[in-house]
Amino acid sequence: MTRRQRNRQLKTGGVVLTATAVLMTALAACGSSTKKYCVDEDDFRAGRGYRVINKKYCSDSDKTKVSDSSSLKIKGVVSDPEWYYKGKKKKGWAKGGTFNKPG
């Protein structure tokens with residue numbers, strides 16, 4: 001094998017490895033689900049974040065369920081249930097995320 005053939009073979013191998021890495025990253029991104037927590041947007045504590053509540057108070061369409069929300073306001077338990085994305089949950093509180101749904 002000549003030096004030129006060896007160089008060509010090394011370059012081809014590098015392209016294959018790069019293409020494989022890019023493809024694996026793309027597939028992993030498609031398969032991963034975004035973490036989301038139902039939180040009370042009005043119950044925020046510095047250092048803790050937003051209080052995580054039962055997901056039944058947040059709808060799948062990312063809009064507050066009117067019937068559940070209004071009944072909770074009367075009881076004074078939850079005033080503004082919203083989905084909170086990509087945060088970290090610790091001891092019933094979520095922080096480090098966003099209310100904007102990832103696209």
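Key figures
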| read-out | value |
| --- | --- |
| Cβ-Cβ under 7 Å pairs, at least 6 apart or on other chains, region 77-103 side closer than 13 Å to ASP43 by Cα, far side among the acidic types (Asp, Glu) and modelled with pLDDT under 95 | VAL78/ASP40; SER79/ASP40; SER79/ASP42; ASP80/ASP40; ASP80/GLU41; ASP80/ASP42; PRO81/ASP40; GLU82/GLU41 |
| Filter result for VAL66 (surrounded by 12 or more Cβ atoms within 10 Å (Cβ to Cβ), modelled with pLDDT under 65 and over 13 Å from TYR37 (Cβ atoms)) | no |
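The values are calculated or read from the model by the stated rules, or taken from the named source; none is laboratory data. For clarity, every value in this text was computed on a predicted model and none was experimentally measured. Virtual Cβ from ideal backbone geometry, glycine too; neighbours counted across all protein chains shown.
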